[in-house]
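A quick write-up on the structure given underneath.
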Amino acid sequence: MKFKEYLTETADISMATWNELSTTLIKNCQPFIKELRGARSLLYRGVRVIPKTYDKKSPRSDRKPRLLDTELHDILNKETKKMFGWNTRSEGVFTTNNYGNAKSWGKPAIIFPIGNFKYIWNKNTYNLYNLYDSWFDDDDILQEILKELKDYKSTNLSSFLRNPDFTVSEAIIKCKSYYLINPVWKETLLAYFSEGRDKK
C-alpha cells in the first residue's frame, strides 16, 4: 500500500505538512514510537484549543486537581510516589486510549511524548473514579481506592495501545515535553507508526 492511501480526505492535510510532522516525531519521539508497533490506538487528551497541526507543550510539575478533592489529590500523590517513584497526580499528563473518553475533558487531541518518559496505565478506571467521587475523608473508601491503585501498570504501554476498548481507560505520562497534535492526523499516524513504516 502506498503512503498516500493512508491520508484521509481533509482539506488542510498536505504531503508537505505530513513530511514536517513525521520527520519531527521520528527525530524526537523514538521511545514512544517503539511502543506504537502493532497499536490499535494512540494516546488522546481533551484540551481547550486544538493546534493547527502540532504544538510543543511542557507539562506543569505542580498540576492542581480539576475535580478531585485537594486532600485526596495529595494522598494519591504520596501513595503513587511510593509505588512508582513519582507524583502521578501533580506531575502527570492525563491521557486515554479511547478517543471518545477524551471528549469528556475537552476537544480530543493526540499526544506524543518527547524523548524518554515514564507512565502508568489502567485499562478501566470506572470504579476508581466513582470511589474518588464518594470519598469525603472516609477511611473505608480510601482503603478501597488504595486497592484499586494496584491495577495501574508502569510497563508494557504497547499492550495498552494494542487493546483499546470502551471502558474509561487512563494513561498518565511523565515527560519533560510532548507534542499536541491535531486529531485530523489520527488515522494516518496510527497506520504509519503501528506498521513500522517509519523504518522502511
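Taken together, the values in this text are just the output of simple stated rules run on the coordinates, not laboratory data. Note that this is a predicted model, so its numbers are computed, not measured. All Cβ positions, glycine included, derive from the backbone under ideal geometry; neighbour counts span all protein chains shown.
The figures follow:
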| quantity | calculated |
| --- | --- |
| Of D55, D69, D140, the one that fluctuates the most in a GNM where the chain has Cα springs shorter than 10 Å | D140 |
| Segment E195-K27, extension gain: residue separation times 0.36 nm, minus the distance between their alpha carbons | 58.7 nm |
| Distance between modelled label sites at F166 and L67, nm, 7 Å Cα→Cβ extension | 1.9 nm |
| MRE, 222 nm, helices only [DSSP H, n ≥ 4, -39500 (n - 2.57), over the chain, to nearest 500] | -11000 deg cm²/dmol |
| Max mean-square fluctuation residue, GNM over the chain, Cα-Cα springs under 10 Å, options K27, K153, K174 | K27 |
| Value in Å of the Kirkwood radius, where the stretch 128-186 supplies the Cα pairs that are averaged | 14.5 Å |
| Calculated Rg and Dmax of the chain using C-alpha coordinates, Å | 17.5, 58 |
| Cα-centred dipole magnitude for the stretch 54-200, charges only on beta-carbon of K, R (+1) and D, E (-1), debye, nearest 20 | 1060 debye |
| R0 of 45 Å, Cβ-Cβ distance N124-N19: FRET efficiency to nearest 0.05 | 0.75 |
